[in-house]
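Take a look at the structure below.
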Amino acid sequence: MAKLKTLWENPDPRNFTRIVELNSDNDGPSRKFRIRICHRNGTPIGFNTNCCLSVMTLDGDWSNILDDIMAGVHWKNDYLERDNKRLEANNRPAIAAFEKYIKAVYAN
């Protein structure tokens, strides 16, 4: 079974970032992903770059592949909230959905 390994994390719930690596069971290359959740003023039109999942391409750039809306999760850009526990609770479903997506789509 493929497993996600956390390589780096910024745990601040206002600007959460987690870099994970998917190690597959076969001898193929591992893939790196970035989960990014940022509470800030303004909401992007179209793809929500404030709450999204990216994959690292072969040249080391990040390519966005999924946002909270596409993942079917309710996430609120709550940049006025000062309680970190509430922000973490708001972020948790999106993080879980992104990790589930990685395992479902990229694991062999």
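Just to verify a result, which residue in segment 73-97, among those that are assigned to a helix (DSSP H, G or I) and among the polar types (S, T, N, Q), is nearest to the chain's Cα centre (by Cα)?
In this case the residue turns out to be Asn91.
So, Thr57, is that one polar (S, T, N, Q) and farther than 20 Å from Asn91 by Cβ or not? It would help to see each step written out before you state the result.
Values: polar (S, T, N, Q): yes; farther than 20 Å from Asn91 by Cβ: yes.
For Thr57, the condition - polar (S, T, N, Q) and farther than 20 Å from Asn91 by Cβ - is met.
Confirm whether Lys76 is among the charged types (D, E, K, R) and either in contact with a Lys or Arg (Cβ under 6 Å, 6 or more places away or on another chain) or closer than 19 Å to Glu9 by Cβ (or both).
In short, no.
Please determine, by comparing only the residues of segment 15-72 that are under 12 Å from the mean Cα position of the chain (by Cα) and part of a loop (DSSP other than H, G, I, E, B), which one is surrounded by the most Cβ atoms within 10 Å (Cβ to Cβ).
So, considering only residues that are under 12 Å from the mean Cα position of the chain (by Cα) and part of a loop (DSSP other than H, G, I, E, B), the one surrounded by the most Cβ atoms within 10 Å (Cβ to Cβ) is Asn48.
Cβ-Cβ distance below 6 Å, separation of 6 or more or different chains: which pairs start in segment 85-108 with a residue that is within 14 Å of Asp68 (Cβ to Cβ) and in contact (Cβ under 8 Å) with a residue 24 or more places away in the chain and end on one that is assigned to a helix (DSSP H, G or I) and not hydrophobic (A, V, I, L, M, F, W, C)?
Ala94/Asp68
Residue check, Lys32 against (1) more than 15 Å from Ala2 (Cα to Cα); (2) at pLDDT 95 or above, all met but one. Which one?
Against the list (1) more than 15 Å from Ala2 (Cα to Cα); (2) at pLDDT 95 or above, Lys32 comes up short only on (1).
The values are calculated or read from the model by the stated rules, or taken from the named source; none is laboratory data. Note that the structure is predicted; figures quoted are calculated from it, not measured. Every residue, glycine among them, receives a Cβ derived from its backbone with ideal geometry; neighbour counts consider all protein chains shown.
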